[in-house]
C-alpha cells in the first residue's frame, strides 16, 4: 500500500500536469478561433474560384502553349490539363508538427495508408509527400512495407499556412506531374467542421478536373453573365490555373491547421478533466490513510495509558 508521502507526491505531480494541460487547452482554444475565422473567410473565395475555373475550362476548345511564356511547371497549364493514363499517383498528406492533439495525425496517417493500398491494388505506384513531422514519423516505417518512400517533407507549411508556402508546394507537385513522374495528385487532409469535430477528406487535384465534393455553390438558379477575355482565353487560363492549384493546397493547409488545433483543444480538455478526477480520487485515498493513521496513533496512546494504569 502506498504511503501518505507517496500519495502526496503523486497528487502534486498530477496537479502540475493539470496546470500544463489547462494552459495548452487555453492556448489551443485561442488559436483555433483564429484558424476557424481564416478557414471560413477563405471558403467563399475557394468556391467562386472553382466555379470560375470550371467555366473557363468549359469555354476553351483546344489547349495551346505556343504563345505562352512558361517559366514554372505550374504555368504549363496545357500539360496540367492533359489527360493521360494513370500509372503513378502523388499523395500529399497533411499532418501536424506537434503531438498532444489526440489521434489527429494517427487518423490522417491511417487514411493515407488505406488510400495507398487501394491505389496499389489498382496497379498504380504511389509517391508520398508529407507535411508535418508527426506524419513523417508515423509513415516512414509503415511505407517501407508498402515499397513506398517519402519524396518530400514540408514542416513549416503546416505550422503557419500561407499562400507562399502553398505556392511552393504546388510548384513541386506540378513539376512532378509535368515531367511525367506522376499522372495524378491527391491530397489527404482534414475538413474543419467545428471546435470539436473534423472529417478526413481526399481531394483530387491533378489532372485538373475540379473538386466537386468539397465546393458547394452558395446561390442556386443564378443567371451566369457573359464573359469576355483580354488578351485571350489561353493567357487567362495560364494565370487562373496556378491560382486555382495554389489555392487548393492553401485551403487544404488551412483546414488541416484548424482541425489540428480543435483536436488539441479537445484532447487537452479531456486530459485536464481526467487530472481533476485523479486528484479527487487520490485526495480521498490520502484522507482515508491519514484518518487511519491518526486513529492508530490514538489507539496506541490509549493502550499505553491502560498498560501503565494496570
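A short reminder: the numbers here are calculations on the coordinates, not readings from a lab. Keep in mind that what you see is a predicted model, and the values were worked out from it rather than measured. When we count neighbours, we look across all protein chains shown, and the Cβ atoms used for this are built from the backbone with ideal geometry, even at glycine.
For the pair residue 125 and residue 287, a Förster radius of 45 Å applied to the C-beta separation gives a FRET efficiency near 0.10, rounded to the nearest 0.05.
Of the peptides 36-42, 157-163, 82-88, how do they stack up when ordered by the mean number of other Cβ atoms within 10 Å, highest first?
157-163, 36-42, 82-88
Compared with the dominant principal axis of the Cα atoms in the chain, helix 133-145 is inclined by about 80°.
Relative to the longest principal axis of the Cα atoms of the chain, the long axis of helix 104-121 lies at roughly 40 degrees. Taking Cα atoms only, the orientation of helix 233-309 departs from the longest principal axis of the chain by about 0 degrees. Determine which residues of the stretch 270-286 fall in the zone a paramagnetic label at residue 2 would reach in this model, i.e. backbone nitrogen under 15 Å from the point 7 Å along Cα→Cβ. Flagged as within label range: 275-286. Each peptide in 189-198, 103-112 was scored by the mean count of other Cβ atoms within 10 Å over its residues; highest first, the order is 103-112, 189-198.
From the helices alone, meaning DSSP H stretches of at least four residues, give me the mean residue ellipticity at 222 nm for the chain, per-run term -39500 (n - 2.57), in deg cm²/dmol to the nearest 500.
Mean residue ellipticity, 222 nm, calculated: -21500 deg cm²/dmol.
A crude spin-label estimate for the pair residue 273 and residue 86, with each label 7 Å from Cα along the Cβ direction, gives 4.0 nm.
For the listed peptides 258-266, 291-299, 16-24, 164-172, a ranking on the average number of other beta carbons within 10 Å per residue, highest first, reads 258-266, 164-172, 16-24, 291-299.
For mean projected area of the Cα convex hull in nm², which listed value, (i) 22.8; (ii) 14.6; (iii) 15.8, comes from the coordinates shown? Label of the calculated value: (i).
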